[in-house]
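Working notes, structure below.
Every number here is computed from the coordinates shown, using simple stated rules; none is lab data. These figures come from a predicted structure and were not determined experimentally. Here the Cβ positions follow ideal geometry from the backbone for every residue, glycine too, while neighbour counts run over all protein chains shown.
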Amino acid sequence: MRKRIILLALAAAILATTLFGLPLALSIAKYYLHNERAELERVAARVAISRTTIPAEFQDDTIAWYSPSGIRTLGSGPPTADQAVQEATEHNEVTHHTTTTEMVVAVPAETGTVRVATPIGEVIRQTGLTWLAMTVLAALALTLSWLAARRMAARLAHPLETLTTAARSLGNGDFTVRTARTGIPEIDSVGASLDSTAHRLGETLDRERAFSANASHQLRTPLTGLRLQLESALQDPHTDPYDTIRACLETTDRLERTVDDLLTLARATPTAAETDLPTLLAETRTAWEAHHDRPLHITAHGAPDPHASSAAVRQILQVLLDNAQTHGTGAVTITARDAGETLAIDVADEGAFPDLDPFAPGDGIGLPLARRLAEAEGGRLVLASTTPTRFTLLLPTH
């Protein structure tokens with residue numbers, strides 16, 4: 001790209017210089033030619049006024065008088081009239097004649113014809129010097145154009161090279177890459193698009209990593225319950241196998257629903273939709289009573305439906321209940337209430353939460369994932385109280 005910009009700029013400069021310089025060079029050559037002829041006419045006219053004599057100031061010039069018969073009578077020049085003198089005598093007018101060696105002007109006078117000549121080399125010398133100066137200026141202009149083209153090419157190519165490097169880094173998995181702004185709208189637009197793509201890919205990768213890191217927390221409880229049910233059935237030969245199979249199927253259904261919810265939340269952008277709160281709370285009660293012997297109290301009188309994904313809300317409640325089962329004691333209480341354009345769901349137990357950051361990785365069971373799910377739905381999840389433990393989930397209702 002750099003070479004193409006430089007070659008294009010030089011081609012434009014050469015074309016402009018040629019189109020301007022050639023006519024100017026021809027005009028200059030004509031100017032010197034006409035100027036020399038005018039000077040010769042002036043000298044001839046001065047000599048013609050002197051009437052058959054050559055003034056002392058012109059003694060060194062090639063000046064001659066010719067009689068009407070064409071014989072040189074005075075001065076230096078051809079012994080007989082040449083073509084210029086003949087034409088001037090015949091037509092009684094000033095004539096010009098140029099040969100390969102000299103310029104000649106013949107001016108008719110009362111007593112003959114005056115012939116003035118000068119070497120053509122003088123005109124060629126003046127023209128050549130001027131053309132040389134023009135060539136030097138043209139070379140200087142082309143050099144400046146080359147320097148300007150190199151600077152422009154660097155200014156245009158460097159941002160593109162930076163974009164190429166950034167794109168290569170993005171392709172190698174560096175989603176933190178960002179491009180600097182150059183002040184060139186078209187290049188900045190490409191850079192902004194690349195930055196946006198890197199940001200979206202980074203978020204997608206973070207979601208996938210979060211899913212991989214936290215899915216085990218969400219799947220451990222139903223898997224453990226399923227294993228305990230099977231081990232208990234093996235140890236007690238009097239256990240009804242059909243009851244064990246039915247219980248295991250219920251646990252498997254729960255596990256399958258958890259996997260489906262997590263995959264949906266990990267791979268798709270959350271879409272706000274009305275969640276049927278009473279149905280969701282009823283499902284939560286059924287799942288809890290089927291696997292836990294601790295009491296669960298649910299209160300939701302007059303609570304509005306949240307404007308959030310049911311899969312996200314279900315997983316958040318499951319995380320909070322699992323946390324209460326693991327860290328808490330006594331009865332577990334779920335209270336849903338209207339908090340003014342917001343649904344507040346309190347999940348509390350009778351225990352005390354450890355003096356730890358509940359949302360730090362490794363603390364609690366899936367609490368960091370629960371907070372991210374709440375924020376993705378436009379809500380918040382906070383630890384409202386440590387003694388007794390109470391988490392509050394806030395979700396939009398509009």
What FRET efficiency do you get for R168 and D243 if R0 is 45 Å and r is their Cβ-Cβ distance, rounded to the nearest 0.05?
0.15
On full extension of the chain, what length is gained from L228 through A384, given 0.36 nm per residue of separation minus the C-alpha to C-alpha distance?
52.8 nm
How far apart, in nanometres, would the label points at H91 and A148 be if each is projected 7 angstrom from Cα along the Cα-to-Cβ direction?
4.9
Given charges of +1 on the Cβ of Lys and Arg and -1 on the Cβ of Asp and Glu, with all other atoms neutral, how large is the dipole of the chain about its Cα centre, in debye to the nearest 20?
1680
Please give the helix 367-376 orientation as an angle from the longest Cα principal axis of the chain, in degrees from 0 to 90, rounded to the nearest 10.
50
Per residue of the range 163-173, what does 6.51 cos²θ - 1.76 cosθ + 1.60 with θ = phi - 60° give for ³J(HN,Hα)? Whole Hz please, x for Gly and Pro, Karplus curve as stated.
4, 4, 4, 5, 5, 5, 5, 5, x, 8, x
Taking N as the number of residues in the chain, what is its alpha-carbon radius of gyration divided by 2.2 N^0.38 Å?
2.42
Per the Kirkwood definition applied to all pairs of different Cα atoms, how many angstroms is the hydrodynamic radius of the range 50-177?
20.1
